[in-house]
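The values are calculated or read from the model by the stated rules, or taken from the named source; none is laboratory data. Bear in mind the structure is a predicted one, so any value in this text is a computation, not a measurement. Counting neighbours? That spans all protein chains shown, and the Cβs are built from the backbone with ideal geometry, glycine included.
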Amino acid sequence: MRQDHRHCFILTGGPGAGKTTLLAHLAGQGIAMMPEAGRGIIRSQMAIGGRALPWKDRALFAELMLGWELRSLSESATRPGPILFDRGVPDVAGYLTLEGLEVPAHIRQAAKIHRYNSLVFLAPPWEEIFHTDPERRQDFETARRTCETMRRVYTELGYNLVELPCASVPERADFVRANIGA
């Protein structure tokens, strides 16, 4: 049972490439968005002393991300589009791949049956804006590898990737709006 969410558009790529900033700008312009699972999970796990963190239990972290992404898709089913997602179900498979962990069959299956719009925005590594913080501990080389892993995963799943320009937030927003018809 393949589920199609053509009004849902993903922004993916490596950490620190400006995805969340761009999405916040677009949300300010009235475009609906769904937040990134990873940051939300890290915040809540740190607040409660949980172990579902990428530096403690990567497999458990991935499972919580999958649940978050499936819930976000379910929420979006009845909402009018377009809706922009800060990552999606395929990113969970990409994360596990990047970490050298096996991608369980249920996660591969979820990425195959829960489909977003075929157009996916890829934020390339951009050293000038990259920075770390308590939730984003990866270095720039990991950001590069993450981006390339997401490129491979989404391509293998049949998505058409379009790279975001390394430009100002308003210019990037105009680019996204033009490509989603908003």
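General remarks:
- Hey, Leu26 outside any loop (DSSP other than H, G, I, E, B), crowded, with 16+ Cβ neighbours inside 10 Å and of a type outside the set (Ser, Thr, Tyr) or not: yes
- Top-ranked residue of segment 9-22 - restricted to ones that are buried (at least 23 other Cβ atoms within 10 Å of the Cβ) and either assigned to a helix (DSSP H, G or I) or basic (Lys, Arg) (or both), ranked as nearest to the chain's Cα centre (by Cα): Lys19
- Checking the stated criteria, Val103 turns out not to satisfy the condition of being touching a His at 6+ places or on another chain (Cβ under 6 Å), on the phi < 0 side of the Ramachandran plot and among the hydrophobic types (A, V, I, L, M, F, W, C).
- Residue match in segment 162-176 (condition: part of a helix (DSSP H, G or I), under 16 Å from the mean Cα position of the chain (by Cα) and closer than 23 Å to Cys8 by Cβ): yes
- Residues (surrounded by 12 or more Cβ atoms within 10 Å (Cβ to Cβ), out of contact with any Lys or Arg (no Cβ under 7 Å at 6 or more places or on another chain) and not in a loop (DSSP other than H, G, I, E, B)) located in segment 46-60: Met46, Arg58, Ala59
- Residue match in segment 68-81 (condition: in a helix (DSSP H, G or I), charged (D, E, K, R), touching a strand residue (DSSP E or B) at 6+ places or on another chain (Cβ under 8 Å) and at pLDDT below 95): yes
- Neighbours by Cβ (under 7 Å, 6+ apart or cross-chain): first from segment 27-50, in contact (Cβ under 8 Å) with a residue 12 or more places away in the chain; second of a type in the set (Phe, Trp, Tyr) and in a helix (DSSP H, G or I): Ala37/Trp68; Gly40/Trp68; Ile41/Phe61; Ile41/Trp68
- A count restricted to segment 62-90 and to residues that are touching a Leu at 6+ places or on another chain (Cβ under 6 Å) and free of Cβ contacts under 8 Å to residues at least 24 places away in the same chain stands at 0.
- Search result, residues across segment 34-45 that are crowded, with 22+ Cβ neighbours inside 10 Å and closer than 21 Å to Tyr116 by Cα: Met34, Glu36, Ala37, Gly38
- Considering the conditions (1) in contact with a Phe, Trp or Tyr (Cβ under 8 Å, 6 or more places away or on another chain); (2) over 24 Å from Pro104 (Cβ atoms), Ser72 is excluded by exactly one of them, (2).
- In this entry, Ala93 passes the filter for residues that are of a type in the set (Gly, Ala, Ser) and either crowded, with 17+ Cβ neighbours inside 10 Å or without any contact (Cβ under 8 Å) to a residue 60 or more places away in the chain (or both).
- Qualifying residue in segment 6-18 (condition: out of contact with any Leu (no Cβ under 9 Å at 6 or more places or on another chain) and polar (S, T, N, Q)): no
- Residue that is nearest to Trp55 (Cα to Cα), among those in segment 118-135 that are at pLDDT below 95 and touching a Lys or Arg at 6+ places or on another chain (Cβ under 8 Å): Glu135
- Boolean, Val103 is of a type in the set (Val, Ile, Thr), without any contact (Cβ under 8 Å) to a residue 24 or more places away in the chain and surrounded by 16 or more Cβ atoms within 10 Å (Cβ to Cβ): yes
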